[in-house]
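The values are calculated or read from the model by the stated rules, or taken from the named source; none is laboratory data. Source: prediction; values computed, not measured. Note: ideal-geometry Cβ built from the backbone for every residue, glycine included; neighbour counts use all protein chains shown. Only protein heavy atoms, including side chains, enter the accessible area calculation; ligands, DNA and RNA are left aside. Shrake-Rupley method; radii C 1.70, N 1.55, O 1.52, S 1.80 Å.
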Amino acid sequence: MVFLGHTAIANAATDWTPYLKPMMSGCNFPNPTDKLPARYKTSIASKKFRVDKTNEIDGYGEQITTYTLKNATAFGQPLLKLEYLAGYEWGHLKLYFKDTKFTALRPQFKLPKVDNYPDDPLQVMKNNASGYEVEEMGYTNLIFDRKEKSITCFSGL
């Protein structure tokens, strides 16, 4: 019986929800390339890094880090992959899921706090089942993509 207990623990999915939860509050996404807690590293099957020069500005291309995951979940859904993009003055965190059940999470993802900058108030350009677009001293977009089976938080100046 002891052996079975250890097997169950070894096979338990790594829940990324605590780490990714800030995404649910105004798309405040973490940077998994900067001090990722050890408990999440165990679920990373592979890591790829590349620089895309397509949108290069002043010699600075988009740095894209992709983590392929094994036995991971987020928000109660099977999580297959994370993609972190750092551009010149923009970035995104994209979560890839096993199936489209993740779309039921959309109501839990809230708009950014309103009027953080009184001289440039928050403007909601779109807010529907597929996400939102807001502008305030820059922009923040939430995209629920059924075709890609992904949730993306994108922001920039």
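Out of segment 128-157, which residues are touching a strand residue (DSSP E or B) at 6+ places or on another chain (Cβ under 8 Å), of a type outside the set (Val, Ile, Thr) and more than 25 Å from Thr73 (Cβ to Cβ)?
Glu133, Glu135, Glu136, Gly138, Tyr139, Gly156, Leu157 - these are the residues of segment 128-157 that are touching a strand residue (DSSP E or B) at 6+ places or on another chain (Cβ under 8 Å), of a type outside the set (Val, Ile, Thr) and more than 25 Å from Thr73 (Cβ to Cβ).
Only residues in segment 7-33 that are at positive phi count as the first member; pair them with residues that are modelled with pLDDT of 95 or more and hydrophobic (A, V, I, L, M, F, W, C), Cβ under 6 angstrom, at least 6 apart or cross-chain, and list the lot.
Taking only residues 6 or more apart or on different chains, the pairs are Cys27/Leu142; Cys27/Cys153.
Consider segment 6-25. How many of its residues are modelled with pLDDT under 95 and either open to solvent by less than 70 Å² (accessible area, probe 1.4 Å) or β-branched (Val, Ile, Thr) (or both)?
Number satisfying all stated conditions: 5.
For Gly76, state whether it is open to solvent by 50 Å² or more (accessible area, probe 1.4 Å), in contact (Cβ under 8 Å) with a residue 24 or more places away in the chain and over 19 Å from Ser46 (Cα atoms).
So Gly76 fits the description; yes.
Inside segment 64-157, counting only strands (runs of 3 or more DSSP E) that do not spill past its ends, which hold 3 or more residues that are under 25 Å from Arg50 (Cα atoms) and of a type outside the set (Ser, Thr, Tyr)?
Because the criterion is at least 3 residues that are under 25 Å from Arg50 (Cα atoms) and of a type outside the set (Ser, Thr, Tyr), the strands (runs of 3 or more DSSP E) in segment 64-157 that meet it are 77-86, 90-97, 139-145, 150-156.
Scan segment 34-44 and give yes if some residue there is of a type in the set (A, V, I, L, M, F, W, C), within 16 Å of the chain's Cα centre (by Cα), more than 30 Å from Asn127 (Cα to Cα) and not in a loop (DSSP other than H, G, I, E, B), otherwise no.
Yes, the conditions are met somewhere in segment 34-44.
Run Phe109 past the list (1) open to solvent by 80 Å² or more (accessible area, probe 1.4 Å); (2) among the aromatic types (Phe, Trp, Tyr); (3) in contact (Cβ under 8 Å) with a residue 24 or more places away in the chain and report the number of the one that doesn't hold.
Of (1) open to solvent by 80 Å² or more (accessible area, probe 1.4 Å); (2) among the aromatic types (Phe, Trp, Tyr); (3) in contact (Cβ under 8 Å) with a residue 24 or more places away in the chain, only one is false for Phe109: (1).
Taking only segment 50-70 into account, find how many residues are surrounded by fewer than 13 Cβ atoms within 10 Å (Cβ to Cβ) and small (Gly, Ala, Ser).
Residues flagged as surrounded by fewer than 13 Cβ atoms within 10 Å (Cβ to Cβ) and small (Gly, Ala, Ser) within segment 50-70 amount to 1.
Test Lys47 against the stated conditions and say whether it is surrounded by 12 or more Cβ atoms within 10 Å (Cβ to Cβ), among the basic types (Lys, Arg), touching a strand residue (DSSP E or B) at 6+ places or on another chain (Cβ under 9 Å) and part of a strand (DSSP E or B).
Considered against the rule, which asks whether it is surrounded by 12 or more Cβ atoms within 10 Å (Cβ to Cβ), among the basic types (Lys, Arg), touching a strand residue (DSSP E or B) at 6+ places or on another chain (Cβ under 9 Å) and part of a strand (DSSP E or B), Lys47 comes out as yes.
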